[in-house]
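A.B. asks: Got a structure here, written out as structure tokens. Questions coming.
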């Protein structure tokens, strides 16, 4: 990807992070593919997350804690930390870049209007959830999410995703990923409360924050601090986790090219 | 510029299975064959009657089987009633769930109306065919031609709803940039017509008619559909070739980054051009040479079916293997079970069974024309009588 496009996207990322912070009363309207009205949850709150990448060491404690807390099937993740080895082309210096990923609980979530039965909906506090008793498992939302934040849970055969651990928030606890983060990189809170840590940090770092894939106009509510703009969109990286297939085309494992 | 290597990222499975390809393929055959049946059934063009009879057979069978594939693509198929209990007018899929049953009902009623006079004439037949004819003909009352035309018009209107929703449902997905283009819905329709013309050529051959009028008509429609598909593909490419993001940029990135995508693009382009060239060649031969050449048109029919199916496979399956927020491509091996090969073979098997059952027990060869046409004999063409076993050679 050329550098002009990269820097454009970077500026777009910052601008969009700013735009996403402006509270939007309601994007709901009646047209096809517009957002249906939000329901349930506390309308006086708006949850969001700020991830301070400077504090992330890529230990995957969040991945494991989430997996245990939410009993996701093996191989499916509500949150995970992507890791990249980045080499400076002039100096040859090598560094590891960590990128925790989870549902962005977007202000304009593309996964919600597509649901044919309104099984997935956005609560008034901004958390995007799935009613697994209503979900028909059409997987339309899985395809609609640009962040691969959703999957079909092979046990329930319905759509599954991060809920910001809404059940823990309601009990006055922190989400499992936040609770387990050794560096304190994940900060969750009510962005409508000006005194919350997340609100103060959003104010303090407003110009440095970035969100993922801002060009999709989803207005993500997970903000990254210390982000490299080259990772805002699909990373221009070499994939090295290659499936090793047996002569019958069945997967045997992984190997690394380097 | 730095170089980066992705060390760790989960592997994301595809969310829509080959069932989706089967549904999109069969429903496209369904609406396109309906339009091929329309000149005779709805607008009373008698010259199109043999084509319409084949098209109606194809239309009814694909219409009956397509929803089965759609239902199977749900991970919770028994919850299909949620579509009606909790309909969401914001979702294209929900709109589709309302249009589809109406369309299916329209096609069934249209076929019944078109076949009813022949059913009434077959009531004295022995065996299952006679029994079915007695049940299905529902009395001796007349079947007004105008009713056939009216139901046909209504079903044609509903079929445009199917074209619109199947296309829009996929094209609005911004999360998959390759899908997110206004040129996708018209391409679905154009390739659907190509495949439907191919199906009629194949049915014409298998059914033993080998009718050169049918072949000529269908080849002309196929030529038109190929032209439209070429125009749509060209417009899609020119529309986005200079953009940094979007459908064409994503396609170029995929073709650049993967040998499989390069061969897919090459194969698709070549097949389209060869098909167009071959159809043009057949249509421009001197009249005296046409019967000999038209006898082989069914091979082009197979190519056309391949084009229609492969386009849907590439769009719906292959695009899901393009990673969208991690690097590279995800591996997808077609599983052997019902979410893979068994599902594909099973859907086609069910379809074949539907065609055979109609062929065995229903007088589809005597489908009557709708509209304001002059009355014609029910047993026309004379060589095909109700009792005689048709030649399948």
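Values in this text are rule-based calculations from the coordinates and carry no lab data. What you are looking at is a predicted structure, and each value in this text was computed from that prediction instead of being measured. Neighbour counts run over all protein chains shown; Cβ positions are idealised from the backbone, glycine included.
A.B. asks: At 0.36 nm per residue, and after removing the present C-alpha to C-alpha distance, how many nm does the segment from residue B:271 to residue B:105 gain when stretched out fully?
C.D. replies: Values: separation 166, 0.36 × 166 = 59.76 nm, distance 3.54 nm.
Extending this stretch completely gives an extra 56.2 nm.
A.B. asks: Follow-up question, since we're still on this one. How many angstrom lie between the Cα centre of segment B:322-356 and the Cα centre of segment B:230-277?
C.D. replies: 23 Å
A.B. asks: Taking chain B as a Gaussian network, Cα atoms linked when under 10 Å apart, which of B:184, B:293, B:56 shows the biggest mean-square fluctuation?
C.D. replies: Sorting by GNM fluctuation, first place goes to B:293.
A.B. asks: Under a plain spin-label model, where a point goes 7 Å from the Cα along Cα-to-Cβ, how far apart in nm are residue B:134 and residue B:11?
C.D. replies: In this crude label model, residue B:134 to residue B:11 measures out at 6.0 nm.
A.B. asks: What Kirkwood hydrodynamic radius, in Å, does the protein assembly as shown give when the mean of 1/r is taken over all pairs of distinct Cα atoms and then inverted?
C.D. replies: Values: mean 1/r = 0.0369 Å⁻¹.
One over the average 1/r among Cα pairs gives 27.1 Å for the protein assembly as shown.
A.B. asks: Let me test this: with uniform point scatterers at the alpha carbons of chain B, what is the Debye-based log₁₀ I(q)/I(0) at q = 0.13 1/Å?
C.D. replies: Here log10 of I(q) over I(0) equals -1.12.
A.B. asks: Using only the alpha-carbon atoms, how far is helix B:259-283 inclined from the longest principal axis of chain B? Give it as 0 to 90 degrees, nearest 10.
C.D. replies: Long axis of B:259-283 versus the principal axis of chain B: about 30 degrees.
A.B. asks: Using 0.36 nm per residue of separation minus the Cα-Cα distance, give me the extension gain between residue B:227 and residue B:345 in nm, one decimal.
C.D. replies: This chain segment gains 39.4 nm when fully extended.
A.B. asks: Also, I was wondering about something else. What FRET efficiency do you get for residue B:98 and residue A:34 if R0 is 22 Å and r is their Cβ-Cβ distance, rounded to the nearest 0.05?
C.D. replies: 0.80
A.B. asks: Further question on the same structure: Please report, in whole Å³, the volume per residue of the convex hull around the C-alpha atoms of segment B:112-248.
C.D. replies: On the way: hull volume 21.6 nm³, N = 137.
Taking only Cα atoms, segment B:112-248 has a hull volume of 157 Å³ per residue.
A.B. asks: Mind checking which of B:32, B:69, B:353 has the largest fluctuation in a GNM of chain B, springs on alpha carbons under 10 Å?
C.D. replies: B:353
A.B. asks: Evaluate E = 1/(1 + (r/R0)^6) for residue B:212 and residue B:302, where r is the Cβ-Cβ distance and R0 equals 25 Å; express this FRET efficiency to the nearest 0.05.
C.D. replies: Values: r = 19 Å, r/R0 = 0.75.
Efficiency at R0 = 25 Å is approximately 0.85.
A.B. asks: How big is the Rg/Rh ratio for segment A:109-258, C-alpha atoms only, Rh by Kirkwood, two decimals?
C.D. replies: 1.01
A.B. asks: Another question, then. When the convex hull of the C-alpha atoms of segment B:41-182 is computed, what volume per residue in Å³ does it have?
C.D. replies: Numbers: hull volume 23.4 nm³, N = 142.
So the per-residue hull volume is 165 Å³.
A.B. asks: Specify the residue with the greatest mean-square fluctuation among B:154, B:208, B:139, computed from a Gaussian network of chain B linking alpha-carbon atoms under 10 Å apart.
C.D. replies: Looking only at B:154, B:208, B:139, the biggest GNM fluctuation is shown by B:139.
A.B. asks: Translational D (Stokes-Einstein, µm²/s) of segment B:166-218 at 25 °C and 0.890 mPa s when Rh comes from the Kirkwood sum over C-alpha pairs? Don't skip to the end; give the middle numbers.
C.D. replies: On the way: Rh = 12.9 Å.
My calculation gives 190 µm²/s for D.
A.B. asks: Treating only the Cα positions of segment B:219-342 as identical point scatterers, give the base-10 log of I(q)/I(0) from the Debye formula at each q in 0.10, 0.14 Å⁻¹.
C.D. replies: Values, matching the q order: -0.43, -0.76.
A.B. asks: Using the Cα atoms as the points, what is the convex hull volume per residue of segment B:1-79 in Å³?
C.D. replies: Taking the convex hull of the Cα positions in segment B:1-79, it is 174 Å³ per residue.
A.B. asks: Provide the gained length on full extension for the span residue A:204 to residue A:88, in nm with one decimal, where the gain is 0.36 nm per separating residue minus the Cα-Cα distance. If you can, show how the numbers build up before the last one.
C.D. replies: On the way: separation 116, 0.36 × 116 = 41.76 nm, distance 2.96 nm.
This chain segment gains 38.8 nm when fully extended.
A.B. asks: Between helix B:145-171 and chain B, what is the angle of the helix's C-alpha long axis to the longest principal axis, kept within 0 to 90° and rounded to the nearest 10?
C.D. replies: So the helix axis and the longest Cα principal axis differ by about 10 degrees.
A.B. asks: Right, here's the next one. Using r as the Cβ-Cβ distance of residue B:260 and residue B:352, and R0 as 22 Å, what FRET efficiency do you calculate, to the nearest 0.05?
C.D. replies: 0.15
A.B. asks: I need B:311, B:361 ordered by Cβ neighbour count within 10 Å, fewest first.
C.D. replies: Lowest to highest Cβ neighbour count: B:361, B:311.
A.B. asks: Can you tell me what the convex hull of the Cα atoms of segment B:103-153 projects to on average, as an area in nm²?
C.D. replies: 3.5 nm²
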